[in-house]
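Beneath this line is the structure, given in structure tokens, with notes to follow.
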Amino acid sequence: MFSINELDFTIPEFWNLSSSLVRNYKPVTMAEYFSSKCLPEKFALIRHDVDRMPGNSLATARIESELGIKATYYFRATKNVFVPKIIKEIADLGHEIGYHYEVLSEAAGDYSKAIKLFEHHLSEFRKICDITTISMHGRPLSKFDNRDLWKVHDFRKFGILGEAYLSAGHELNYLSDTGRSWGTKIA
């Protein structure tokens with residue numbers, strides 16, 4: 001297996017991590033996780049939040065595709081991240097594309113404005129590919145938690161199967177590279 005303390009954030013190390021993962025676990029996308037009645041005994045939910053630099057995400061998507069891994073890529077709707085050509089290419093590699101929303105922060109807490117932004121951004125994504133899962137983007141400098149939008153609205157109304165933070169089982173072990181450092185949450 002691998003030790004997360006030994007890993008760095010280079011493409012060769014990503015290849016090594018992904019190779020080890022696919023030898024030991026069955027990768028599933030978030031949509032597969034939310035819609036499956038019977039998951040493999042040993043599976044890994046692999047998701048990437050594309051906060052910046054979508055070109056780097058394309059590089060990792062290509063590696064995963066070569067290794068037979070299908071992952072979920074959550075793209076923000078911001079100008080530098082919402083790059084239809086890259087989103088389509090990643091989807092064409094067999095990966096799931098999801099919407100990495102931050103509309104409550106964008107709307108300064110106005111729920112009515114936020115849901116309209118959500119619907120607009122979702123329709124823009126759906127011009128490129130099917131979107132069935134979402135994941136909130138956290139904004140540390142915003143006083144609004146984007147997940148709170150779903151206390152007032154129902155994402156299922158938009159054909160969404162699940163929200164990564166709200167709908168994924170809490171019994172899952174979680175490994176994250178947030179902030180370019182490894183963190184874990186073991187259930």
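What does the highest-first list of 143-151, 91-99 look like by mean Cβ count within 10 Å?
91-99, 143-151
In debye to the nearest 20, how big a dipole does the chain give about its Cα centre with +1 on each Lys and Arg Cβ and -1 on each Asp and Glu Cβ?
Computed about the Cα centre, the dipole is about 340 debye.
In region 4-185, what is the volume of the convex hull around the alpha carbon atoms, normalised per residue and reported in Å³?
Value for region 4-185: 124 Å³ per residue.
Among H137, H120, what is the fewest-to-most ranking by other Cβ atoms within 10 Å?
Listing H137, H120 from fewest to most nearby Cβ atoms yields H120, H137.
In deg cm²/dmol, rounded to 500, what helix-only [θ] at 222 nm does the chain give when every DSSP H run of at least 4 residues adds -39500 (n - 2.57) and the total is split over its residues?
That calculation yields -10500 deg cm²/dmol at 222 nm.
Select from the chain the helices, each a whole stretch of DSSP H, whose alpha-carbon atoms run 27 Å or more along the helix axis and whose Kyte-Doolittle mean is at least 0.0; answer none if there are none.
Qualifying helices, which must be both long enough and hydrophobic enough, do not occur.
For region 4-185, give the share of DSSP beta bridges that are antiparallel, in percent and rounded to the nearest 5; count only bridges with both residues there.
Bridges in region 4-185 that DSSP calls antiparallel: roughly 15 percent.
Which of E89, E64, E13 ends up with the largest GNM mean-square fluctuation for the chain, with Cα atoms connected below 10 Å?
E13
Residues with beta-carbon under 13 Å from that of L117, excluding L117: net charge, scoring Lys, Arg +1 and Asp, Glu -1?
Residues close to L117 contribute a combined charge of -2.
Here are some pairs, K85/K116; K88/K157; K42/K85; K113/K157; K42/K70; which of them have Cα atoms lying more than 27 Å apart in this structure?
K42/K85
Sorting S36, S65 on the 10 Å Cβ count, fewest up front, what's the list?
Ascending Cβ contact count within 10 Å gives the list S36, S65.
Got the relative contact order for region 4-185 handy, in percent, Cα pairs under 8 Å and 6 or more residues apart?
It comes to 18 percent, rounded to a whole number.
GNM, the chain, Cα, under 10 Å: largest mean-square fluctuation among S35, S135, S57?
Comparing S35, S135, S57 in a Gaussian network model of the chain, the most mobile one is S35.
Read-outs throughout are calculated quantities, based only on the coordinates presented, and are distinct from any laboratory measurement. Given the structure is predicted, the values throughout are model-derived calculations rather than measurements. Glycine also receives a Cβ, built like all others from the backbone with ideal geometry; neighbour counts cover every protein chain displayed.
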